[in-house]
Each structure stands twice: as structure tokens, then as C-alpha cells.
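Following: one structure in C-alpha cells, then a few remarks.
The values are calculated or read from the model by the stated rules, or taken from the named source; none is laboratory data. These figures come from a predicted structure and were not determined experimentally. So basically every Cβ, Gly included, is an ideal-geometry build from the backbone, and we count neighbours across all protein chains shown.
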Amino acid sequence: MKKTLLLIMLLSVAVSGVNANSNLTGAIIKVAQKTIIGKVTDEKGLPLPGVVVKIKKDPSNAVTTNAQGNYQLISPDDNAKIIFSFVGYETQEQSAKGKTVINVVMVPMQTALEEVVVGGYSSQQRRSLTDAIRTINSVEAKRNSVTNLTNAIVARTPGVRVVKADPGLYHTDIDIRGFSGAAGGSAGQGTKNLPADIITINGYGNQVAKTGLREVRATPGNESYLRIIENQFLDPKVTPLSTFAVDVDAASYSNIRRFINGGQLPPKNAVRIEEMVNYFHYNLPEPANGKPVAIQTELSAAPWNPQHQLVRIGLKAKNVNLDKLPPSNMVFLLDVSGSMAEANKLSLVKPAMKMLVDQLRPIDHVAIVVYAGDAGIRLESTPGNEKEKIKEAIDQLNASGSTAGGEGIKLAYRIAKERFIKGGNNRIILATDGDFNVGPSSDKDMEQLIEDERGSGVSISILGFGMGNLKDSKMERMADKGHGNYAYIDNITEATKSMVSEFGGTLFTVAKDVKLQVEFNPAKVQAYRLLGYEDRLLQKEDFNNDTKVAGDMGVNHTVTALYELIPVGVKDNFTASVDPPKYQKPAEDKITNTSSEIMTIKFRYKEPDSDVSKLEAVTVDDKPLNADKTSDDFRFAAAVAEYGMLLRDSQFKQNSKFDQLINMAKSAKGKDDDGYRAEFIRLAESTKNMMKSSELAVRNE
């Protein structure tokens, strides 16, 4: 009996233990993470790309909506609060309790008509404003509850609730943009005659400061861009050859998108037309006969001036299946300095690099080098199938300290050379905002570092992150000199595009040092102009010089170049006449050729493991297509170029108009599975409205 009773008691305890464990398991399940998906639209039901979606208690846990307005966010628990924010719209808060799908309709701010934008760039310039500007240092700013703002002029107009200040170091002139008599300019430049209630706030940061009566939004103003001097129209009798290196970078477009989505117009020098055009994929035929690159041309009237012609030159690199690609020896060189602590920097670098890790094969290897005040190795070279180990090393990174970028680059090259794979893809992938400030740090210093390693066989690709102190000039030059490409990543959608969708093209070269040289027939062409590629121009002698570095093309990459032509006999307003020389007889201006060709295109390239180039050539006949007979790709590329000229307020924009380019882009959208072309159309429409508002403000002023 006692034994039976004891057995019953033991069974009861065991059952209780099982129930307790079950309850505990249930409790664990309740607090487990969950994935929330959804779509964000405006009041008209149109998708809103670029909306920031984040966890209220953990702002670093943030994503942005893609081109279709969709997002996916990991919620830490069922009770999390989720914040949705976007410039010009009311911030919304949603509870994740009991939900796995949260769709949101964003509502425009009620104060939108009173919103003031202090301009960094505008087509209008104002130099005589009123007189009361004062500078607030960080101590005084703190006393006034205005914290962590940057070098930007902020208008304190009575009754205005939101004031956005554009970066203040983009220019040296005083500009006006916005409503309610907003004024702007570059801080600390001795501005006079500003309206009475304008202040200059010196400091640093990218946060919202509450002044009691209103909010002030400011973005840091220490970005740098190389100056662009636009290509001119040239006379083929004087300059018959146009020579340049191809460029597959696309950073300019995503950077411009960041500005526009943030309610600002980009600085002119951020607008690189060739990168905007080449952001998009074009449907070109695959190379034949085992060649790595194919070329295609198309000729029609220029949309912005029907008397002129537009030539599209398209290059298409061959496609290669992932399992046929050579093994990779990669070094992730990650900037973990203090400037990378913002939400759109290191916290975006981490998921971007982990996306890339997911593409790796067992034959690939990755090492991780980081730099802040100094440089160090965080992960020795590791096989691509040890994904969790690589991702764990990425997750453990934190941002702090100064920026010894030069030391990081030297260390990354050393590691890459130690693990060098002959015939493989040996590449450094640098993720940074480019703000180097310890050791070698100038644009020239960085360029020299890369040039010194150019013969090592190791390429370098640059991924730019963040805003406010983005050193675009430095990163662009480094990529150009290092047989690499440069991409700007402003959100998780762009990270997916670069790290997943374009994985092969980004990392695996099929043709290096690709150059184009175009000869124009002066019997047909009175003047010509290359749109963009200003920083990729070469001397005519460089074309046959195999020691001259040019651009590289990766797997499945397409490259587009556009020339605007003025046919013979058309009135030319762009090329100036020159008086004949007094002391020598001018050469006879006779053109005797009767060829129907308007141009000959030659291009050179090298196989990835060769130092000797190969030559191809095609000709273009003077047989322009009617506009309605051109391809979708021709018209879409022309629309993007026209948009770029309007953004730059180009002296060559002629009859360019937003309505025209938007309608052309809509008709040429074609198959757009990823939504990038639709996103461009929306971006152009937003820019049109912003520019109209700016001009209205200036007229009213």
C-alpha cells in the first residue's frame, strides 16, 4: 500500500512537472520574435517607397518600404509598438499585438502648405535679403532646447510648424526655396540682409529639435561632391574623336532619390547623368561567339529638340550561371567609426552584408576587417558555407571612435593578397560614408593608396551609406581607380538590389578596362555632345594604350551612353564662331566623303586575366527612327537623361520639360517586375512639384 501511494505521488509530481514545462514553453512562445509584413500607401492608394518602419523602443530595428511600398520587419515581441514615418506625412504608431500584417495609409501633414524649406540648391539665387543673422553655438543651442543641429540656416517664421534645412555646405551662393518667404544659404559665409528671425545653428547631428512652438528638422551639411563641368558641343572637323571609359556605377541615382524622398533638391554636382541612366537594366541581346561584350545602337530625334538627333550606344556583358563563376576571395572592409552610428549607416550595413553572405558558395571565402581609430581583423578568412559564423561577426560590430580609413584599406589589401586566388574573384568590399579623418584621408591620399595596389589583382568595390557627411567625391574616385564599382545604398531595397539582384554584376568582372572611342563623320554631323561621363573622359591616345585604366563590366551588366548630334545644315546655337587667322591661310574646309555613316564606334576590352586588349567596331548609318518606332529602352533612357538635365538646370536642356519626360517614361515603362521604372516616374513627378513650389516662392518674394 505504501509503495502504491508513493508511486501515485511520484506520478503526480511528474505530471505537474510536464504541465509546468508546458506552461513555460507557452510563455516562451508568447515572447518569441515574429515577422510583420505590410504595405504603406498614400491617401490615393499609391505605394510609398522609402517610408521608415521601426520599433518604438528599439529605433535601430528599422527598415524602409520598397518601390511597391512593401516592408518586412522583425518584431521583438507581441506587444511592440511600430512607428511609420515619412517626410511630409504624419508619423503613425501601430500596435503589433496579435498582428502579422499591418497595412498603413499615410496622411499628409496638415501644415504642409506652411512648410518652409531652407534651400541648399535652386535655379534661383537671391543675394539681397534682410539684415539679422546670428550664430548660436552648441552651449547656447542647448539652453534654447535646440540640440544636435548642423551648419544650416533655419527660418523661424511665426506660425510655421515644420522647417527643414538642407545641407549648408553644398554651395557658396545664397538661394531661396520654399514657402512663406523662407531664406537659405551656406552657414558661416558672412551672409547679410537676412530676414529678422533667421538663425545659424552650429553643431552636428541629424535629430529633430523641439523649440517649444515648432519643430526644426535639419540634416548635416558636410557632404562633398566632385565638381562637374558639363561636356560641350564639339565640332567633328576640329575634334573628330570622342574617347571615354565605360562606367557601370549607379550611385548618383539612388543618392538623388534620397534627396527627393527627403523633400530636398540635390546639389548639381551630385547629378551624374550617366549613372542615372545606368541605374536601370536594359534589354540588350546577349554577346555571340563567346565574346564577353556585345554592342547595339539606336538613332532618333532628341526629345528635347526634334531638330537634333540622339544616339544610344548600349553594351551588354555576358551572363554566367552562379555555379560557373570563379571562386571568390573577399574582404569586407567595414567602417565602424563614430560617424557610422546613425540608423541609416552601420545598422543598414549589417543586413546588406548579410544578404551578400547568403549568396556565397562553399568555394568562396570572406574575411572581415574593420576600422575606427585604427584598423583590425574581426574575422579571418572563412568559407562561404559557414554563414552563421560570418553573420555573427557582423552582428557584433558597433560604431565608435575616429576614422582611420587609410589604415583599413592597407590592411584589407594585405589580407586579400595573402589569400589571393589565381583566376578567382579577389575583391575588397568597402562599406562606409567616406568620412576618413585619421592618417591618410584626403581624396588624393585615398586615390594614391588605391593606385599603389592596382597591379595586385585585387579589385575594390565601394558601398556608400548615410547622409549629411557623405564623401561621394572620395568614394567615386576610389572605385574608378580600383577596378571596382560604386553604389550608394539608402534603404534595404537598394541593398537587396545591389547584394542580391545584381550580385554577379557587382562582384564578378567579365571584361575590364572597357573603353569607347567614337569618330563622327563631319559630312553628316555638325556638332556632337556626350551626355555625362565628364569624369571618365580619356585622351584619344589613351584608347590604344593598354596601361590606361578604364571601366570594368560585370556579369550581365548593361552600359548605356548617349550622344546628342546636331546634323549638318541645322542652325547651331552652341558652337561659337572664330575669326580666321590673320597671318596664315586657313586650311580648306572641304569634306569629300559620301559615306552614309554618321559615326564609327570602336571599343576595347580585356579579358579578366589578360593585360592585352581586344578591339571591336560598329558603324551607325544616317537612318534615324521615328520616335514611335524606337525601343522602350531608348525612350526611357532619354527620359532619365532629360530629368538629369532639368535637375542640373543644364545649359543644354533646351526644350526639356517634366511633363514631356514623365509621359515618355510612362509610355516606355515596359516590363517592370521590380518597379524601378515606376519609382522613377513617381520621383520625377515629385521633383516637378518641388521645383514648381520653389519657383512660386521666389516669384512671391
Contact list, first residue from segment 234-249 and in a strand (DSSP E or B), second anywhere and buried (at least 21 other Cβ atoms within 10 Å of the Cβ) and small (Gly, Ala, Ser), beta-carbon distance below 9 Å, six or more apart or interchain, is Leu234/Ser242; Leu234/Ala527; Phe244/Ala550; Phe244/Gly551; Phe244/Ala561; Ala245/Ala550; Ala245/Gly551
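Can you tell me which of Tyr528, Tyr533, Tyr563 is crowded, with 17+ Cβ neighbours inside 10 Å, in contact with a helix residue (DSSP H, G or I) (Cβ under 6 Å, 6 or more places away or on another chain) and among the aromatic types (Phe, Trp, Tyr)?
None of the others qualify; the one that does is Tyr533.
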In segment 351-363, what count of residues is obtained for those that are within 18 Å of the chain's Cα centre (by Cα) and of a type outside the set (A, V, I, L, M, F, W, C)? 1
Among the residues of segment 592-609, write down those that are acidic (Asp, Glu) and in a strand (DSSP E or B). Glu597
Scan of segment 544-574 for residues that are part of a loop (DSSP other than H, G, I, E, B), more than 30 Å from Ser610 (Cα to Cα) and either in contact with a Leu (Cβ under 8 Å, 6 or more places away or on another chain) or at pLDDT 90 or above (or both), ordered by number: Val568, Gly569, Val570
Of the residues in segment 658-675, how many are more than 17 Å from Ser300 (Cβ to Cβ) and either modelled with pLDDT under 95 or under 22 Å from the mean Cα position of the chain (by Cα) (or both)? 8
Take the residues in segment 582-606 that are more than 24 Å from Ala523 (Cα to Cα) and over 31 Å from the mean Cα position of the chain (by Cα), then tell me which one is surrounded by the most Cβ atoms within 10 Å (Cβ to Cβ). Gln584
Quick one: which of Asp649, Asp609, Asp632 is closer than 30 Å to Asn545 by Cα, surrounded by fewer than 20 Cβ atoms within 10 Å (Cβ to Cβ), acidic (Asp, Glu) and assigned by TED's automatic domain parsing to the domain that holds Lys540? Asp609
Counting only residues that are within 13 Å of the chain's Cα centre (by Cα) and more than 14 Å from Leu470 (Cβ to Cβ), segment 243-260 contains a total of 5
What pairs come up if the first residue lies in segment 88-100 and is under 18 Å from Asn70 (Cα atoms), the second is not in a strand (DSSP E or B), and their beta carbons are under 6 Å apart, counting only those six or more places apart or on different chains? Tyr89/Met106; Gln94/Ile102; Ala96/Ala80
Residue ID - surrounded by the fewest Cβ atoms within 10 Å (Cβ to Cβ), chosen from residues in segment 288-344 that are farther than 30 Å from Asp628 by Cα and of a type in the set (Ser, Thr, Tyr): Ser328
Tell me which residues, restricted to segment 345-359, are in a helix (DSSP H, G or I) and more than 13 Å from Phe332 (Cβ to Cβ). Ser347, Leu348, Pro351, Asp358
Residues that are among the hydrophobic types (A, V, I, L, M, F, W, C), at pLDDT 90 or above and under 30 Å from Thr619 (Cβ atoms): list the strands (runs of 3 or more DSSP E) wholly contained in segment 421-533 that include at least 2 such residues. 509-520, 525-530
Going through segment 66-81 one residue at a time, which ones are in contact with an Asp or Glu (Cβ under 8 Å, 6 or more places away or on another chain) and within 23 Å of Pro47 (Cβ to Cβ)? Ala67
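Here is a yes/no grid of residues against (1) within 16 Å of Ala412 (Cβ to Cβ); (2) among the aliphatic types (A, V, I, L, M); (3) surrounded by 21 or more Cβ atoms within 10 Å (Cβ to Cβ):
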{"position": "Val349", "(1), (2), (3)": "yes, yes, yes"}
{"position": "Met353", "(1), (2), (3)": "yes, yes, yes"}
{"position": "Pro362", "(1), (2), (3)": "no, no, no"}
{"position": "Arg378", "(1), (2), (3)": "yes, no, no"}
{"position": "Lys389", "(1), (2), (3)": "no, no, no"}
{"position": "Glu392", "(1), (2), (3)": "no, no, no"}
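Let me confirm something: among Leu463, Leu516, which residue is crowded, with 24+ Cβ neighbours inside 10 Å and not assigned by TED's automatic domain parsing to the domain that holds Ala399?
Only one candidate passes the filter, namely Leu516.
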For the list (1) surrounded by fewer than 20 Cβ atoms within 10 Å (Cβ to Cβ); (2) in contact with a His (Cβ under 9 Å, 6 or more places away or on another chain); (3) closer than 30 Å to Ala523 by Cα, I need the number of the one condition that Val238 fails. (2)
Can you tell me which residues in segment 475-496 are over 21 Å from Leu73 (Cβ atoms) and under 14 Å from the mean Cα position of the chain (by Cα)? Met475, Glu476, Ala479, Asn485, Tyr486, Ala487, Tyr488
Run Leu73 past the list (1) part of a strand (DSSP E or B); (2) over 26 Å from the mean Cα position of the chain (by Cα) and report the number of the one that doesn't hold. (2)
Ala399, sole failed condition from (1) at pLDDT 90 or above; (2) among the hydrophobic types (A, V, I, L, M, F, W, C); (3) under 23 Å from Asn255 (Cβ atoms): (1)
Check whether at least one residue in segment 263-286 is part of a strand (DSSP E or B), touching a helix residue (DSSP H, G or I) at 6+ places or on another chain (Cβ under 9 Å) and at pLDDT 90 or above, and report yes or no. no
All but one of (1) buried (at least 18 other Cβ atoms within 10 Å of the Cβ); (2) out of contact with any Leu (no Cβ under 9 Å at 6 or more places or on another chain) hold for Ser686; state the number of the condition that does not hold. (1)
